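Each remark here refers to the structure printed beneath this line.
The values are calculated or read from the model by the stated rules, or taken from the named source; none is laboratory data. Computed from a predicted model, the values in this text were never measured in an experiment. Counting neighbours? That spans all protein chains shown, and the Cβs are built from the backbone with ideal geometry, glycine included. The area values use the complete protein model at the heavy-atom level, side chains included, leaving out ligands, DNA and RNA. Shrake-Rupley method; radii C 1.70, N 1.55, O 1.52, S 1.80 Å.
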Amino acid sequence: MFNNYEQYTKIFDALSHPARIKIFGVLLKERQYVSELARIVNISRALLYMHLKKLEVAGLVVGHAEISSSGKATKYYEAIVFEVTINPSLLIELSETIVVTTAKDD
């Protein structure tokens, strides 16, 4: 699933916040629509969308709209199941592809 350090850093970054871990855990149990997910996690929908965007960029969740029989659009999110094993070999492999640059003093 992941073949470069940029993908790993997106996952590490996305899961570095407790609210995003909570959101991801809820979505691993079952998909949720936005309003219900906001209630479960106990945050505003605006803040939820911010966290969901970070999880989407990392490829950990996917959202899609569904139209009910009454014609109302509801946005659902679901988790994308993945597995990462962090061990010295992975970190060595990733570190070998990273080039660290620093700003030069003027």
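Out of L60, L37, which single residue is under 11 Å from the mean Cα position of the chain (by Cα), crowded, with 19+ Cβ neighbours inside 10 Å, at pLDDT 95 or above and on the phi < 0 side of the Ramachandran plot?
L60
Give the number of residues within the range 66-97 that are open to solvent by less than 70 Å² (accessible area, probe 1.4 Å) and over 18 Å from the mean Cα position of the chain (by Cα).
Within the range 66-97, the first condition is being open to solvent by less than 70 Å² (accessible area, probe 1.4 Å), and the residues that meet it are 66, 68, 71, 73-74, 76-80, 82, 84, 87, 90, 94-95.
Still in the list and also over 18 Å from the mean Cα position of the chain (by Cα): 66, 68, 71, 73-74, 87, 90, 94-95.
The number of residues fulfilling the criteria is 9.
Going by the conditions given, is A46 within 9 Å of the chain's Cα centre (by Cα) and of a type in the set (G, A, S)?
Details: within 9 Å of the chain's Cα centre (by Cα): no; of a type in the set (G, A, S): yes.
It is false that A46 is within 9 Å of the chain's Cα centre (by Cα) and of a type in the set (G, A, S).
On the basis of being modelled with pLDDT of 95 or more and open to solvent by 50 Å² or more (accessible area, probe 1.4 Å), does I21 make the cut?
On the way: modelled with pLDDT of 95 or more: yes; open to solvent by 50 Å² or more (accessible area, probe 1.4 Å): yes.
Judged against the criteria, I21 is a match.
For the range 51-89, enumerate the residues that are β-branched (V, I, T), touching a residue at least 12 places away in the same chain (Cβ under 8 Å) and farther than 13 Å from F12 by Cα.
Listed by number, the residues that qualify are V61, V62, T74, I80, V81.
Tell me yes or no: at least one residue of the range 32-55 is touching a Ser or Thr at 6+ places or on another chain (Cβ under 7 Å) and hydroxyl-bearing (S, T, Y).
Yes; the residues of the range 32-55 include at least one that is touching a Ser or Thr at 6+ places or on another chain (Cβ under 7 Å) and hydroxyl-bearing (S, T, Y).
Note down all Cβ pairs under 7 Å where the first residue falls in the range 11-25 and is within 14 Å of I43 (Cβ to Cβ), the second is among the charged types (D, E, K, R), and they're at least six residues apart or on different chains.
If the second residue must be among the charged types (D, E, K, R), the pairs left are R20/K54.
Exactly one condition in (1) open to solvent by 60 Å² or more (accessible area, probe 1.4 Å); (2) more than 11 Å from the chain's Cα centre (by Cα); (3) at pLDDT 95 or above is not met by M1; state its number.
Every condition holds for M1 apart from (3).
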